[in-house]
């Protein structure tokens, strides 16, 4: 591991300035679970690592006035997954965060870091996308907010500009919703997702089926994606036939690749299977 | 010797060193302190699978402040190898695999060593590679070792001039035409086994230092301190007395730490370090491609059976993907040859086991030494044929499995064996006849079984020795040259010594290995310690006991036949007198006339099998190919998700004939650990190689079984049919525990969903694909 | 680039200067010579380096040493109290949960933490709780037994001290 310096700024302005100053050779981190591996493997060679854990608000995990959940950038996967408020109000998110790697890793890995790595397999992202989460960014021009779906640009690529860092995530509350996160790994639990599916449904008397849906798919495209056609079909019909059609639509939305973990064909079919299973479980809970 | 009831052998003592291990106090090589003078070594490794080295420039690395040593293959061109000396310490002129060391650097910090390696410039002229053993064995393949015939080698391997074949073991037995003619059914199929890695939790690590007299000390996480001393001394052309190897606790081996892989490089760096110690530790990534891996295998099996399931003939061809150097792999090929039929009586056999050079990582010993690989093929093949003939796989195995007095594939007469019992008991414990209900809709269950045999794979004459010294207080030190890598050698040694001496096990200390002070042991491999080292310990104990009893008999004026040592006291059956060992085992005893008898008690014992015979090069036949075979069987039940193809192993039964369980609970822990390692290779493991490049050298993408993947229900059955040349009748069990696991699971998968998996591992995706193919 | 830190390890206070790029594992092993904690992969996958950071298990290979400033660390050397083994250490010995012993320190810390947060874990909870601790020797059977038995000892207040 090549040497680097360590700085723990106290203000957002200071943090942003540090990131600018080192011209891309400074790396922000919170949990360090990804950054140290990348440095160890020689993928990145930072001159300085910037610890965000003293910045204001980064440890927030609370429900704000409008009912949204606010997750500071340094909140860990375990803090989210084991939080009773999250478990009752945002169960899909709790499942996603709780499925990452091991307990000890989740004690350090953060949701913010998971998003900033922009892996298509990030297990927290599909749930957040289903809830319509936004990310809060601070940079040289001050704060800005982006929908999470606009944050991901490609594998390992985000909308963060030079000098910008993610400070928090807000997650809207979806009244009456139930959700499930399903993933497939090589080992039974704790593996990187070969693919994953987040399904969120809630009662909605304005649509023919009586329920509205959001479905997000991980590790089957360059970024986490929605399956809009599947969502639309479910709002029309949640009978077994409708469910099968929606699951197939989700599989059709997937654009996976072959890699050493799985083939595209397997991933696509597993999107179909896990989407159907997820929707079935949600339907049981929301009484569809 | 009269058969006496044992009091310590056969008891399940906790392992003797476990307190140190649970307190974090057990010292491993990387825990040893060498002070601020320690240099940190690192290897510059080849990035290409096959190339000539056009130019290597180390000047920038040498110029970096804090870099103390830079060595290349030009500096130390000597070759090494356990059975075939084909391997340089650092590549000379040519690299043959991705990961091959081309230079070594030692510097004041690991960071400097890493930086220095980056500064070494190597220019390669790439050559066409060999990435498939069947192709490699053909005339079309480029020649990887033009000097193959010039390498030093043991007499029992058979190289083929002008080819990449470094050993060709042949069996020609019986009359093949008659065998095929007698068969009602003949089935032929090809199976594949990928490269896997042993994954000891402790990666390879060594520290070497040269003192002012030129004596080299190597602290090494090794299964083979003596073999390392031998091989490194020979390759550097130095005296064995100038090299000392010290091995403290080691964090698992499974064969990866047998022989020499990276340790020679550490010694070579130390030779240039002006007396400073040099540490070389492999990263987890390096562990996957720079040390040893398990060889890949392509196995072609053709078998004939009568309608009632009797095997009439077998024609097997094993192409071993030996990797860039086959110094160790040639003997795996040989073991596969003399075991090539699996544990069955087959009258007509035509077998070829070929060790083939490829541009892949170097194949070494791994738990089972060729047996998990060939049994993957044989045990699936026999199962499929049983089904094709509408016969029960258990009954077919019971019919064909080797029984005492039958001829093995090489013409050896099978010794007493509990193989039939193992098969029957494993099936019974799994409730073989009764199908069980799946846990829900969309799930299917199946049961599978596989049998196995394995002999200790080694040269004909590997020796063991032991010494026992007593302390003033009646406790004793047992010195051994074998390594406890987790299997429990220290505990077994203590039990055998205590039993042999007649003292409590608490009074026995067993030392870890220092080749300057420990007696010789060939290697800790082949599940041979309990058996071979155990014999040596019993003889040492017997000698020590004889010294004590003769002394006491002399002083008491009794017949030694009337004396015994029980629970740390010499007792007389004639007079009922008794004296504790304390004091008398060092100071001797005073006789009635005031003079003295005895002296410090030192027992020594040795054991070497002397009865193994050579086999004919053309037919593979001979009276005794090996010392003996341990046999056994495993039966598993799986549940499969019909949609995802996920396989869950619900229950796993192991039954092995260990001859005599010296420590039954430790036998069971070997069975459990081996079974889960077998399960892990069966379902998850493969080093993915694309044109020689390892694609998954990390735990991120080389997954091994976790606590959740291991079966919840495991049953272990110990069968004891005594071995005539084993201590108290014992045979080894360490490796055998994983041999039949993968084919047993494959057979269960086939029983559940009808999908046949030819190529390990049995991934969810392969099962899914197989099920899709049925639709 | 060195940073001064003050932290406690196994209830002992230390003020030392650490290199910014050294992970906590290296600081513990090399500067404090607490070598019980092992390095198995440097990537947070194997769990051999697991320690408690303010009472919660973490992979010390993925924590910078400098981040330990102001925090409390517990390593395997800190589990025994006054020379008496903790229940999980006792049961690991008695039930054969350790073989080569290299994963053992991390397994012990992870198990200890599991029992702190869940005094009566089910078999499935024990297995899931140990998914970040790879063991190649035992097949996990005896480790799971040891955790279950240690939980029972602790719940029934069987004194670990003989």
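Output the residue which, of all residues in segment A:81-99 that are crowded, with 24+ Cβ neighbours inside 10 Å and in contact (Cβ under 8 Å) with a residue 40 or more places away in the chain, is nearest to the other protein chains (Cβ to nearest Cβ). Result: A:96.
Scanning segment B:328-370 for residues that are assigned to a loop (DSSP other than H, G, I, E, B), over 20 Å from the mean Cα position of the chain (by Cα) and over 23 Å from residue B:423 (Cα atoms) turns up B:358, B:359, B:360. Looking at segment B:555-572, which of its residues are in contact with a strand residue (DSSP E or B) (Cβ under 7 Å, 6 or more places away or on another chain) and in a loop (DSSP other than H, G, I, E, B)? Scanning segment B:555-572 gives B:558, B:568.
Going by what's in this entry, would residue C:41 be described as farther than 16 Å from residue B:24 by Cα and without any contact (Cβ under 8 Å) to a residue 24 or more places away in the chain? Criteria met by residue C:41.
Suppose the filter is outside any loop (DSSP other than H, G, I, E, B) and modelled with pLDDT of 95 or more; does residue B:373 pass it? So residue B:373 passes the test. The sole residue among B:42, B:15 that is more than 30 Å from residue B:565 (Cβ to Cβ) and either modelled with pLDDT of 95 or more or part of a loop (DSSP other than H, G, I, E, B) (or both) is B:42. If the condition is being facing chain C (nearest Cβ under 9 Å), assigned to a loop (DSSP other than H, G, I, E, B) and under 14 Å from residue B:738 (Cβ atoms), then segment B:679-717 contributes B:704, B:705, B:710, B:711. Answer yes or no as to whether residue B:318 is more than 19 Å from residue B:400 (Cα to Cα), at pLDDT 95 or above and not in a strand (DSSP E or B). Against the criterion (more than 19 Å from residue B:400 (Cα to Cα), at pLDDT 95 or above and not in a strand (DSSP E or B)), residue B:318 does not qualify. Residues that are free of Cβ contacts under 8 Å to residues at least 12 places away in the same chain, within 30 Å of residue B:156 (Cα to Cα), within 38 Å of the chain's Cα centre (by Cα) and not in a strand (DSSP E or B): does segment B:603-618 have at least one? There is at least one residue in segment B:603-618 that is free of Cβ contacts under 8 Å to residues at least 12 places away in the same chain, within 30 Å of residue B:156 (Cα to Cα), within 38 Å of the chain's Cα centre (by Cα) and not in a strand (DSSP E or B). For residue B:726, state whether it is more than 14 Å from chain C (Cβ to nearest Cβ) and touching a helix residue (DSSP H, G or I) at 6+ places or on another chain (Cβ under 6 Å). Considered against the rule, which asks whether it is more than 14 Å from chain C (Cβ to nearest Cβ) and touching a helix residue (DSSP H, G or I) at 6+ places or on another chain (Cβ under 6 Å), residue B:726 comes out as yes. If I filter segment B:166-180 for residues that are touching a strand residue (DSSP E or B) at 6+ places or on another chain (Cβ under 8 Å) and either free of Cβ contacts under 8 Å to residues at least 60 places away in the same chain or assigned by TED's automatic domain parsing to the domain that holds residue B:102 (or both), do I get at least one hit? The answer is no, given that none of the residues of segment B:166-180 is touching a strand residue (DSSP E or B) at 6+ places or on another chain (Cβ under 8 Å) and either free of Cβ contacts under 8 Å to residues at least 60 places away in the same chain or assigned by TED's automatic domain parsing to the domain that holds residue B:102 (or both). Taking segment B:169-198 as the range and being in a strand (DSSP E or B), over 17 Å from residue B:373 (Cβ atoms) and out of contact with any helix residue (DSSP H, G or I) (no Cβ under 7 Å at 6 or more places or on another chain) as the test, the residues that pass are B:170, B:172, B:173, B:188. Within segment B:662-674, does at least one residue satisfy the condition of being out of contact with any strand residue (DSSP E or B) (no Cβ under 6 Å at 6 or more places or on another chain), buried (at least 24 other Cβ atoms within 10 Å of the Cβ), away from chain C (no Cβ under 13 Å) and within 22 Å of residue B:726 (Cβ to Cβ)? Looking through segment B:662-674, at least one residue is out of contact with any strand residue (DSSP E or B) (no Cβ under 6 Å at 6 or more places or on another chain), buried (at least 24 other Cβ atoms within 10 Å of the Cβ), away from chain C (no Cβ under 13 Å) and within 22 Å of residue B:726 (Cβ to Cβ). For segment A:188-230, the tally of residues that are without any contact (Cβ under 8 Å) to a residue 24 or more places away in the chain and either closer than 19 Å to residue A:266 by Cβ or part of a strand (DSSP E or B) (or both) stands at 3.
For residue B:106, the test of being away from chain A (no Cβ under 14 Å), buried (at least 24 other Cβ atoms within 10 Å of the Cβ) and farther than 30 Å from residue B:354 by Cβ is passed. Restricting attention to segment C:32-78, the residues being buried (at least 20 other Cβ atoms within 10 Å of the Cβ), more than 17 Å from residue C:22 (Cα to Cα) and more than 8 Å from chain B (Cβ to nearest Cβ) number 5. Counting just the residues of segment A:260-271 that are surrounded by fewer than 23 Cβ atoms within 10 Å (Cβ to Cβ) and more than 9 Å from chain B (Cβ to nearest Cβ), which one comes out nearest to residue B:694 (Cα to Cα)? Restricting to residues being surrounded by fewer than 23 Cβ atoms within 10 Å (Cβ to Cβ) and more than 9 Å from chain B (Cβ to nearest Cβ), the top hit is A:264. I need the full set of residues from segment B:98-142 which are out of contact with any strand residue (DSSP E or B) (no Cβ under 8 Å at 6 or more places or on another chain) and closer than 22 Å to residue B:293 by Cα, in order please. Correct list: B:129, B:135.
Note on segment B:220-242: residues that are more than 14 Å from every other protein chain (Cβ to nearest Cβ) and touching a residue at least 24 places away in the same chain (Cβ under 8 Å) total 14.
The values are calculated or read from the model by the stated rules, or taken from the named source; none is laboratory data. These numbers come from a predicted model, not from an experiment. Quick reminder, even Gly has a Cβ in these numbers, built from the backbone with ideal geometry, and neighbours come from all protein chains shown.
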